[in-house]
Amino acid sequence: MGGDDLASDDEYAFGGTSDGSDNDSVSSEVDDNSKISTSKKRKVNNNDDNLNSAQVVVGVSSSKKRRKKKQDAPGSSKSLLILAGRGIALDGIPSQVKFINTLYAHSIKMSMGASAEDQADNDEINMYSFTSEDFYSTPPETDEKTKLYQHKNLDAFLKGGPVSMKRLKNWKHPASPMAIIITLSARRSVELMKGLASLKLPVAKLFAKHFRVEEQVQMLQGQSKGGGGKKKFYSIAVGTPGRLLSLLRHGRDDQGSDNSLGALRLNHTEVIIFDTHEDSKGFNVCTLKDTSSDLMHFMKEGVVPQLQRKKGKMKIALF
């Protein structure tokens, strides 16, 4: 994460100090006593210079701290979003809807750029607004203990209701997995895939680590590396926002129309799951700078058109 691009303390401490040229004006014709007196004065002046330099360093350091403190102030919108994202999967649906809507609106406006300011009002009117109907809600009869267990174990979460296990096992749609789990890193994706092993279902690996886009395109189409053999359909996919967005756009027409189909298609997908696991600094896939923008663009280009088209047949779930 980037910080203020300030000069170093050394630059501020030494850049503006005196070079001592005023002391060179002492006459060489003074007597010995005058020379001793002048030497003492020089020592005093040098001490003053050192004190001033130290004050400059302290001043700059304090200024940096004030700037950092101001930047990371708890009341800032950025900090509030990060705090809101912590534990969001266990919050109520209204809180989840508000959180995703805020992120989505912020991301889309930021991507418009300064050149699109004149169209801001029009884009605001046309911007999609998520509702509670777009989100999966845990069945009301689920007790708190079971709910907590499901949110720690992805296989239990899937069995709990977002998808039909029978249909999941008999999925026959190429390029459009029934459930897509979006994570903040390849490492986290691998971790979740290990947790899905108990389902004994093929899982599409849609992250960048050790996999090229072309290989994943073949995988989504059900083709083996050699091109022969029986087609393999993936009912579950686990991936990172950047790679999912690349696959969504891969093969689309030059205009990037929402109606054109890429290598990854969501026309049959039934649930998009945000894995809200937090990294060591408390960021999740929704709030981490490296993933949040791609995630919201994936939503805009892939998920939102399907939510509008299917009207209740696709859900967003927070795990």
So if I restrict to the alpha-carbon atoms in the stretch 134-174, what is the Rg, and what is Dmax, the biggest pairwise distance, in Å? 11.8, 37
Gyration tensor verdict on the stretch 158-309 (Cα atoms; rounded if a/c is under 1.5, prolate if a/b is larger than b/c, oblate otherwise): rounded
Contour minus Cα-Cα distance for Asn101 and Met127 (0.36 nm per residue): 8.4 nm
FRET efficiency estimate (nearest 0.05) - Cβ-Cβ, Lys313 to Arg86, R0 22 angstrom: 0.10
Which residues qualify? For Leu264, with a placed amide H closer than 5 Å and at least 5 residues away or on another chain, they are Leu248, His250
For the stretch 175-218, with every protein chain kept in place, what is the accessible area per residue (1.4 Å probe, Å²)? 46 Å²
Simple label model, 7 Å out from Cα along Cβ direction - Asp279 to Asp143, nm: 3.8 nm
Under-5 Å amide H pairs with Ile181, H placed in peptide plane, nonlocal only: Ala237, Val238, Gly239, Ile273
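The values are calculated or read from the model by the stated rules, or taken from the named source; none is laboratory data. Quantities reported herein were computed from a predicted structural model and do not represent experimental measurements. As a convention, Cβ positions derive from the backbone with ideal geometry for all residues, glycine included, and neighbour counts pool all protein chains shown. Note: areas computed on protein heavy atoms with side chains; ligands, DNA, RNA excluded. Shrake-Rupley method; radii C 1.70, N 1.55, O 1.52, S 1.80 Å.
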